[in-house]
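Report on the following structure.
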Amino acid sequence: MKSTLNSYEFPKDWMFTENVIEAVKGVVASDTTINFHKHGIVGICEYQTHFTSLLDYFTAEVKNHDSDNEFKIFEIGKTNINGLESYWTLYEAVNDEFGNHKSIIYYVQRNESDTFYLLETLVYDSENYKETLCQLRSLIETFKIITGPNT
């Protein structure tokens, strides 16, 4: 799928829901051919903030999640997503309506602006979650920021 600011590729038989939350631009995708709670969900959301530094935004997000009793952060790190600098968190969310889930959120900044993308992989399978999250990363790797004269 492609917007004027970013693009990503998901399998054609996946279900897409765009702009689930009115104030947040983004898409949530899941495989409708299998049990998506076990095999994963991918979400890509765009946020505009008052931050202009990826590290500052990421640090604030980690502090926010760390103080929330519904999030348990296991690991944090730095990586590249399709050539874009990214920070990430591996965490467990508790009290979800479907049960606890494990997730990795990758934080990416649009150029040096106040626009950030949160690229999330999420699974409810507590036994094989790391393997499944790693498999879903290939879908996250298709994310691209489109640049042009007006972006």
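The values are calculated or read from the model by the stated rules, or taken from the named source; none is laboratory data. In this text, all values refer to a predicted model and were calculated from it rather than measured experimentally. Neighbour counts run over all protein chains shown; Cβ positions are idealised from the backbone, glycine included. Heavy atoms of the whole protein, side chains included, go into the accessibility calculation; ligands, DNA and RNA do not. Shrake-Rupley method; radii C 1.70, N 1.55, O 1.52, S 1.80 Å.
General observations
- Take 69-77, 87-95 and order them by the average number of nearby Cβ atoms within 10 Å per residue, most first; the result is 87-95, 69-77.
- Among 140, 104, the order of accessible area from largest down is 104, 140, computed with a 1.4 Å probe on protein heavy atoms.
- Size of charge dipole - segment 39-151 - debye, nearest 20, with Cβ of Lys, Arg +1 and Asp, Glu -1, no other charges: 340
- Using only Cα coordinates, the Kirkwood hydrodynamic radius of segment 49-127 works out to 13.2 Å.
- Amide H contacts under 5 Å for residue 110: 115, 116, 117, restricted to partners 5 or more places along the chain or on a different chain, H placed in the peptide plane at 1.01 Å from N.
- Between 108, 74, 133, the Cα set farthest toward the positive side of the dipole of segment 61-151 (charges on each charged residue's Cβ, about the Cα centre) is that of 108.
- Of the cross-linked pairs 102/144; 72/144; 72/130, those separated by over 18 Å at the C-alpha level are 102/144; 72/144.
- Each other residue within a Cβ distance under 9 Å of residue 73 adds +1 if Lys or Arg and -1 if Asp or Glu, for a net charge of -2.
- Working note: Karplus 6.51/-1.76/1.60 with θ = phi - 60° gives segment 75-90 the couplings 8, 9, x, 10, 8, 10, 10, 6, x, 9, 4, 8, 10, 9, 10, 9 Hz, where Gly and Pro are set to x.
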